[in-house]
Amino acid sequence: MKIVFMGTPDFAVASLDALVQANFDVVAVVTAPDKPAGRGQKLNESAVKKYAVEKGIPVLQPEKLKNPEFIEELKSYQADLQVVVAFRMLPVVVWSMPAKGTINLHGSLLPQYRGAAPINHAIINGEKESGVTTFFLKEEIDTGDIILSDSVAIADDETAGDLHDKLMVVGANLLVKTLKAIEAGEVNEQPQPQSTELKHAPKIFKEDCKIDWNNTAQKIHNLIRGLSPYPTAFTILNDKTLKVFKAEIEDKEPGIVAGGFLTDGKTYLKFAAKDGFIKLLDIQYEGKKRMLIEDFLRGMRLG
């Protein structure tokens, strides 16, 4: 089976590596174009490109997926199957190209959490379980027939970063299992279950990351976990942005207005929520590096 792999970030590298280690014939990789980054605007290569170059796999980096030159080049690899992991939405002309179709690995238990940020939203919503799903691509995003899925538990203090790393490994293993089943002709794909209570996972914007201290402490804690380490929940302190990577709930009647804070200036800084306190543990103040709360308080006077 000739395979073309499509993906961009670290999450996708684990899957690509698993396919290579399992001796699948990955004939080419499609990934995002190099982007200028940092002060020197040096071109930054995607994690998938770096891996592919290291392994001697041809790399395609189209700006536009409908570009006729790209389509012709993609056709020239005569792939039997395309595999998509953490990539952008594909036009029909691309995903319908291979004889065996195009499969996607998604970071949720479909049909729940379709969309761009399933890992973040699962934790923001306080889920106790998540997982990965492989499915055949079709017209509407994340709606194709399910091949296989695997679930993992979410711990109470787990962050989006923790869950990302866990699903990255579980997903890579599931993908190998999926490809072996396709190769052996043993796939029995099933339509996604129809559910009236679908939870969605849209792209997250900056305004979604601002902490509303009028919410319950549990809801705020879930938001902080679900946005850590990126794009990160934040609040405003002394007219500057304070990013919060880690916090804990203190079940105690706040006694002060939601959004107000208490500190001893040395060891703790806690903000009042609707029904308790959120004690900050790991933060980044505007213009400073990320640090533990004790280190922050040592160099900062708070009124």
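Summed over the range 59-75, residues that are open to solvent by less than 80 Å² (accessible area, probe 1.4 Å) and either in contact with a strand residue (DSSP E or B) (Cβ under 9 Å, 6 or more places away or on another chain) or among the charged types (D, E, K, R) (or both) total 7. Go over the candidates 197, 248, 207 one by one and state the one that is under 30 Å from residue 141 (Cβ atoms), at pLDDT 95 or above, open to solvent by 70 Å² or more (accessible area, probe 1.4 Å) and out of contact with any Ser or Thr (no Cβ under 7 Å at 6 or more places or on another chain). Testing whether each residue is under 30 Å from residue 141 (Cβ atoms), at pLDDT 95 or above, open to solvent by 70 Å² or more (accessible area, probe 1.4 Å) and out of contact with any Ser or Thr (no Cβ under 7 Å at 6 or more places or on another chain) leaves just 207. For the range 162-173, does any single residue satisfy the condition of being more than 23 Å from residue 87 (Cα to Cα) and either touching a residue at least 40 places away in the same chain (Cβ under 8 Å) or touching a Lys or Arg at 6+ places or on another chain (Cβ under 7 Å) (or both)? Checked against the condition, which is being more than 23 Å from residue 87 (Cα to Cα) and either touching a residue at least 40 places away in the same chain (Cβ under 8 Å) or touching a Lys or Arg at 6+ places or on another chain (Cβ under 7 Å) (or both), the range 162-173 yields no hits at all.
Filtering 117, 153, 122, 86 for residues that are of a type in the set (A, V, I, L, M, F, W, C) and on the phi > 0 side of the Ramachandran plot leaves a single hit, 86.
This table checks each residue for (1) open to solvent by 10 Å² or more (accessible area, probe 1.4 Å); (2) in contact with a strand residue (DSSP E or B) (Cβ under 9 Å, 6 or more places away or on another chain).
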| residue | (1), (2) |
| --- | --- |
| 220 | no, yes |
| 225 | yes, yes |
| 244 | no, yes |
| 258 | yes, yes |
| 264 | yes, no |
| 267 | yes, no |
| 272 | no, yes |
| 278 | no, yes |
| 290 | yes, yes |
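Residues in the range 162-186 that are over 12 Å from the mean Cα position of the chain (by Cα) and either assigned to a helix (DSSP H, G or I) or buried (at least 17 other Cβ atoms within 10 Å of the Cβ) (or both): 15 in all. Being closer than 21 Å to residue 191 by Cα and of a type in the set (Phe, Trp, Tyr) holds for only one residue in 87, 136, and it is 136. If the condition is being within 16 Å of residue 171 (Cβ to Cβ), open to solvent by less than 40 Å² (accessible area, probe 1.4 Å) and of a type in the set (A, V, I, L, M), then the range 93-131 contributes 103, 105, 110, 117, 119, 122. Take the range 142-161 and flag every residue that is part of a strand (DSSP E or B), under 16 Å from residue 182 (Cβ atoms) and touching a residue at least 40 places away in the same chain (Cβ under 8 Å). Correct list: 146, 147, 149.
Of the residues making up the range 21-52, those that are out of contact with any Pro (no Cβ under 6 Å at 6 or more places or on another chain), under 29 Å from residue 184 (Cβ atoms), of a type outside the set (Ser, Thr, Tyr) and surrounded by 11 or more Cβ atoms within 10 Å (Cβ to Cβ) number 9. For first residues located in the range 27-43 and closer than 30 Å to residue 72 by Cα, partners that are basic (Lys, Arg) and part of a strand (DSSP E or B) and lie 6+ apart or on another chain with Cβ distances below 8 Å form the pairs 27/2; 36/42; 43/35.
If I ask for residues that are more than 16 Å from residue 88 (Cβ to Cβ) and within 20 Å of the chain's Cα centre (by Cα), which ones from the range 25-49 would you list? Hits for the range 25-49 are 44, 45.
The residue that is nearest to residue 160 (Cα to Cα), among those in the range 229-242 that are open to solvent by 40 Å² or more (accessible area, probe 1.4 Å) and in contact with a Phe, Trp or Tyr (Cβ under 8 Å, 6 or more places away or on another chain), is 229.
The values are calculated or read from the model by the stated rules, or taken from the named source; none is laboratory data. No experiment lies behind these values; they were computed from the predicted model shown. Using ideal geometry, Cβ is built from the backbone for each residue, glycine included, and neighbour counts are taken over all protein chains shown. Surface areas here come from the heavy atoms of the whole protein model, side chains and all, with no ligands, DNA or RNA. Shrake-Rupley method; radii C 1.70, N 1.55, O 1.52, S 1.80 Å.
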